[in-house]
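Below is one structure, written out as structure tokens; comments come after it.
The values are calculated or read from the model by the stated rules, or taken from the named source; none is laboratory data. Quick caveat, the model's predicted, so the values are computed rather than measured. Note that each Cβ is placed from the backbone with ideal geometry, even for glycine, and that neighbours are counted across all protein chains shown. Please note that ligands, DNA and RNA were not included when accessible areas were found on the heavy atoms of the full protein model with its side chains. Shrake-Rupley method; radii C 1.70, N 1.55, O 1.52, S 1.80 Å.
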Amino acid sequence: MKKVVKFGGSSLASAEQFMKVKRIIEADDLRVYVIPSAPGKRFDSDIKVTDLLYECYELAKAGKNFYEPFLAVKDRYNEIIQGLNLNISLSEAFDVIEDKLIHEPERDYTASRGEYLNGLIMSAYLGYEFIDAADVIFFDESGNFDSERTNAVLSQRLEDTPKAVVPGFYGTGHDGNIKTFSRGGSDITGSIVASACRASVYENWTDVSGLLMTDPRIVSNPEVMSSITYRELRELAYMGASVMHEDAIFPVKKAGIPINIRNTNKPDDAGTWIVENTARRSKYTITGIAGRKNFCSIVIAKDLMHSQADFYRKVVQCFEENNIPLEHLPSGIDTMTVIVHESKFIEHEQEVLSRISKIVEPESLEVESGISLIAVVGRSMKSQTGTAAKIFKALADARINVRMIDQGASELNIIVGVLNEDFERAVRSIYHIFVDKGQE
């Protein structure tokens with residue numbers, strides 16, 4: 001029985017936070033593999049170390065002086081070392097990074113040093129062995145994570161190492177250079193390590209006591225989800241919910257390892273359990289609400305389109321040719337609606353519309369921008385009647401016009417489209433009718 005514990009940037013932002021982390025690790029003998037992020041913000045106006053490193057890279061690449069942000073990076077780590085009374089020095093590591101910035105600046109390498117340096121400190125502080133992620137995590141020639149090679153090398157390394165610190169966020173590319181995951185990728189590293197050592201649980205420690213039912217910037221003090229399935233989390237993460245990187249699900253899901261989201265500052269809180277399946281019913285009909293702004297809808301109308309076997313394929317091809325991913329395809333008997341993100345569509349708008357007009361000859365073609373999509377997600381929705389009716393009642397009571405509706409056959413989620421200016425009010429009204437009124 002082993003636990004993998006990953007700590008986010010806010011959990012490791014200062015010496016004081018390091019002390020909290022050590023107490024958490026030492027409170028459970030099963031917490032044997034630790035994945036640290038780079039130091040995050042200590043206060044609202046602070047700058048994350050990773051952002052300082054990106055600034056160093058941009059300046060170095062442009063041939064400009066990068067010493068001011070680099071000095072800030074060094075000061076952050078030295079402050080942590082001094083605060084922990086550690087007898088170690090990162091001077092040699094700083095010299096290597098500086099030399100690289102001067103002579104051969106690389107974006108991924110520079111960004112990865114935040115986790116690397118924090119890993120060295122954490123290893124010395126805990127007395128655990130340091131395993132450089134570059135030695136055990138690999139990407140293939142296409143730049144994708146190489147799970148087969150990584151699992152083979154990492155499993156053997158962990159088998160020979162009873163306790164270790166593995167810095168998050170990076171590994172080695174096919175060309176031998178450092179390559180990073182996308183931002184927040186330390187979550188993925190933790191999941192990879194958990195899978196490789198067949199952990200009993202993957203604990204992801206952050207600055208909130210679990211996953212919140214919706215965005216706290218929109219709804220004050222939203223409730224914490226006690227449990228959520230991988231599928232529900234995927235739906236919410238795709239629609240903008242944050243706390244954990246959505247790709248971190250796959251390695252542990254495949255291995256059947258649950259994830260427990262915990263709060264470093266409130267370690268006694270139970271947090272949120274992310275699992276494959278559960279017999280536990282949600283406290284409410286819905287599990288969570290998430291959404292994103294700035295989508296476009298393209299409505300194509302033509303009589304008897306459903307009788308043309310290749311109609312949909314031809315329309316989809318118009319977007320595919322311009323490398324525009326499709327978000328949703330809600331359709332009627334004589335209409336087809338394509339939902340895409342504005343940022344992907346605007347640049348190729350006229351090519352796509354012209355191509356659609358040419359190959360399917362629609363009777364009308366309408367485009368509307370400024371649309372927000374809101375996902376209402378819940379595994380309990382399929383066993384409850386009237387869920388959609390409650391959503392639309394909440395929006396109607398708030399005098400919000402619904403521009404689009406889409407529900408999958410799994411009944412796991414319902415997607416509604418509203419105008420950008422109605423987005424926050426819509427989220428609040430849906431939350432209110434299911435959660436606030438659900439408690440009455």
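Descriptive notes on the structure:
- Helix-only mean residue ellipticity at 222 nm for the chain, each DSSP H run of n ≥ 4 adding -39500 (n - 2.57), per residue, nearest 500: -11000 deg cm²/dmol
- Antiparallel %, DSSP beta bridges [both residues in the chain], to 5: 65 percent
- Restricting the calculation to alpha carbons of the stretch 11-63 gives Rg and Dmax of 15.1, 49 angstrom.
- For the chain, with all protein chains in place and a probe radius of 1.4 Å, 45% of the accessible heavy-atom surface sits on carbon or sulfur.
- The chain: relative contact order in percent, alpha carbon pairs under 8 Å with at least 6 residues between: 13 percent
- Length-normalised contact order for the stretch 94-203 - Cα pairs under 8 Å, 6+ apart - percent: 27 percent
- Cα lying deepest toward the dipole's positive end in the chain, options Met19, Phe311, Tyr170, charges on Cβ: Met19
- Angle between the chain longest axis and helix 67-83 axis [Cα atoms, degrees, rounded to 10]: 60 degrees
- Degrees between helix 49-61 axis and first principal axis of the chain (Cα, 0 to 90, nearest 10): 90 degrees
- Isotropic mean projected area of the C-alpha convex hull, the stretch 244-363 (nm²): 11.9 nm²
- Correct choice for Rg/Rh (Cα atoms, Kirkwood Rh) that was computed from the model, options [x] 1.10; [y] 1.01; [z] 0.97: [y]
- Three-way shape call for the stretch 201-246 based on the alpha-carbon gyration tensor, with the a/c threshold at 1.5: oblate
- Folded to 0 to 90 degrees: helix 107-126 orientation relative to the chain principal axis, Cα: 50 degrees
- The stretch 188-317: relative contact order in percent, alpha carbon pairs under 8 Å with at least 6 residues between: 32 percent
- The stretch 373-407 and the stretch 283-321: distance between their alpha carbon centers, rounded to Å: 18 Å
- Probing with 1.4 Å while keeping every protein chain in the model, the per residue accessible area of the chain equals 47 Å².
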